[in-house]
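To start, the structure under review is shown below, and the notes come after it.
What follows draws every value from the coordinates through simple rules; no lab data is involved. Values in this document were obtained by computation on a predicted structure and should not be read as measured data.
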Amino acid sequence: MKKLLSLFLLVLSVNVFASGVDLQDADVDLTDKVSLQRGAKHFVTYCLGCHSAKQIRYLRIANDLGLDEKHVLNDIAPEGAGIYDQLHSAMNKHDAEKWFGTQPPDLSLIARSRGADWLYSYLKSFYVDKNRPFGVNNAIFEDVGMPNPLWQLQGEQKPVFANAGERQGLEKLVSVGNGTQSTEEFDRTVNDLVNFLVYVGEPVQLERQQMGKYVLFFLLIFLVISYLLKKEYWKDVH
């Protein structure tokens, strides 16, 4: 009973937190293999230095996206990786605890636990905060314990608070405009990365959805047959 109550309070707290945040919509399309390919490259380039995705291998990415294995190793995977390797971070546990205080989490299931919209909004919501260890904070995840991995692409953002000088009532983020990508290009980069993380969370999602249609059709046919059999068996029962 205590575990159920704790779970209920946890879910309630998450809902209360999420209700105060305006999440942006991620355009997730697992049929867009070009987007997934770009997202895989972005993940290796900007995320794999700290975070792993151990539940998938480069070979699976090649097969699912219809890519040649050599192409994956040359254009997506980091130097020295093998086609059968999982997506392991280059950071060892000792260095991670020294720099961050703890080992950064594996991101294999982050899209399933947080949701695509949350991830999309989070990656776009870093802003300058000199009071934080890495010089940034996040409008979606307050007091975030990591740097902005995409800061070179996005550039810096400054917060605008409802009460000047107070860290409360964040109204909006204002771009300084010193990123290497335009707003539209950066949005696409983030969306491709989120699209890839959604795919990593469940690589068989498209197959599952397709199979689900056949299962529902079978159940419908079975329901009709069961009803007719029931009528046949019970027709002489008074």
Span-rule helices in the chain, defined as complete DSSP H runs reaching 15 Å or more along the axis (Cα) with Kyte mean at least -1.0: 2-19, 183-201, 205-234
Largest-first principal axis extents of the Cα set of the chain (Å): 83, 50, 38
Whole-angstrom Cα spans of segment 114-238 along principal axes, big to small: 84, 31, 24
Helix-only mean residue ellipticity at 222 nm for the chain, each DSSP H run of n ≥ 4 adding -39500 (n - 2.57), per residue, nearest 500: -15000 deg cm²/dmol
Semi-axis lengths (Å, descending) of the ellipsoid that matches the C-alpha gyration tensor of segment 45-177: 33, 17, 13
